[in-house]
1. Tell me whether segment 55-64 contains one or more residues that are modelled with pLDDT of 95 or more and surrounded by fewer than 19 Cβ atoms within 10 Å (Cβ to Cβ).
2. Need the failing condition index for Asp40 against (1) touching a helix residue (DSSP H, G or I) at 6+ places or on another chain (Cβ under 9 Å); (2) not in a loop (DSSP other than H, G, I, E, B), just the number.
3. How do the pairs read when you match residues in segment 3-19 that are under 15 Å from Gly86 (Cβ atoms) with residues anywhere that are surrounded by 22 or more Cβ atoms within 10 Å (Cβ to Cβ) and hydroxyl-bearing (Ser, Thr, Tyr), using Cβ under 6 Å and keeping only pairs 6 or more apart or on different chains?
4. Please tell me if Leu123 is of a type in the set (A, V, I, L, M), touching a residue at least 24 places away in the same chain (Cβ under 8 Å) and touching a Cys at 6+ places or on another chain (Cβ under 9 Å).
5. Between Thr203, Thr208, Thr193, which is of a type in the set (S, T, N, Q) and either outside any helix (DSSP H, G or I) or at positive phi (or both)?
6. Kindly indicate which of Glu35, Glu28 is acidic (Asp, Glu), outside the structural domain of Trp112 (by TED's automatic domain parsing), within 30 Å of Arg139 (Cα to Cα) and within 13 Å of the chain's Cα centre (by Cα).
7. List pairs: first in segment 161-188 and of a type in the set (S, T, N, Q), second in a helix (DSSP H, G or I) and surrounded by fewer than 22 Cβ atoms within 10 Å (Cβ to Cβ), Cβ under 9 Å, 6+ apart or cross-chain?
8. So which pairs qualify, if the first residue must be in segment 82-106 and on the phi < 0 side of the Ramachandran plot and surrounded by 17 or more Cβ atoms within 10 Å (Cβ to Cβ), the second must be aromatic (Phe, Trp, Tyr) and not in a strand (DSSP E or B), the Cβ gap must be under 8 Å, and the two must be at least 6 apart or on different chains?
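The values are calculated or read from the model by the stated rules, or taken from the named source; none is laboratory data. Just so it is clear, the model here is predicted, and its values are computed rather than measured. In this analysis, Cβ positions are derived from the backbone assuming ideal geometry, glycine residues included, and neighbour counts consider all displayed protein chains.
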Amino acid sequence: MIIIEPVIETYDAKGFGVWPVSADLDPECLVLSGELASVDVGTVMAVIAVYNHNRMASSGEHHEPPSPAELIRRITQADSLVAPGGLRVRDTLTGLTVSPSCCCGLEGWQEWNLIAPGRSPWLGHTPTPWVEHLGQKIRVWPDGGDEAVPPAGTSPVEFPVSDLPGLIASAHKQLQDFLDLLEPWARPLAGETASSLGHALATHFHVTRAAPTR
């Protein structure tokens with residue numbers, strides 16, 4: 001079975017102290033869905049807060065860290081937000097997984113819609129995943145994208161291109177379900193500001209309530 005799922009890298013959550021985060025960040029990525037525990041939602045939001053610090057920094061902030069309410073307010077009012085991660089592909093039968101690499105961002109997840117017309121999303125580098133088109137099938141390789149040649153010893157996740165819209169729609173639904181967790185998570189920390197958090201992240205990470213473009 002092929003699964004495409006949204007993930008976020010959790011490196012930036014290590015040492016975060018403004019609100020509770022998961023104590024176990026190994027493996028160092030989280031799958032975004034409506035099944036996350038509250039502490040894992042906090043971990044995702046910690047990553048977003050730290051990763052976007054320079055985008056949200058207050059001119060008056062030099063010494064004291066912001067309160068949870070203030071940091072959540074800054075997230076909701078940011079002009080733009082990005083996050084390390086993207087869409088991960090897994091083949092549950094073979095155990096093969098292709099994850100987004102360095103400099104791939106969750107904000108670009110809808111680039112996967114480019115695959116069906118014969119193009120490829122940016123999947124990061126070092127390693128450099130890439131998509132190979134084979135008529136009615138596609139292969140997602142874990143490395144070799146710089147030369148579009150798979151390194152020796154690597155294997156791809158392969159599936160029919162006709163399956164792609166449904167797989168992307170499933171990932172989209174997981175993102176929607178994750179956003180539904182944000183207000184109940186944030187309300188004890190930020191009061192009424194919590195009601196704006198889901199809409200802000202939906203805007204920056206292109207998570208519509210309608211089906212994504214196919």
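1. Keep residues of segment 55-64 that are modelled with pLDDT of 95 or more, which gives none.
No.
2. Result: Asp40 fails condition (1) only.
3. Thr10/Thr43
4. On the way: of a type in the set (A, V, I, L, M): yes; touching a residue at least 24 places away in the same chain (Cβ under 8 Å): yes; touching a Cys at 6+ places or on another chain (Cβ under 9 Å): yes.
So Leu123 fits the description; yes.
5. Details: Thr203 fails: either outside any helix (DSSP H, G or I) or at positive phi (or both); Thr193 fails: either outside any helix (DSSP H, G or I) or at positive phi (or both).
Within the list Thr203, Thr208, Thr193, the selection yields Thr208.
6. Details: Glu35 fails: within 13 Å of the chain's Cα centre (by Cα).
Only one candidate passes the filter, namely Glu28.
7. Gln176/Ala202
8. Correct list of pairs: Ala83/Tyr51; Ala83/Phe205; Pro84/Tyr11; Pro84/Tyr51; Leu87/Trp109; Leu87/Trp112; Cys104/Trp122; Leu106/Phe205.
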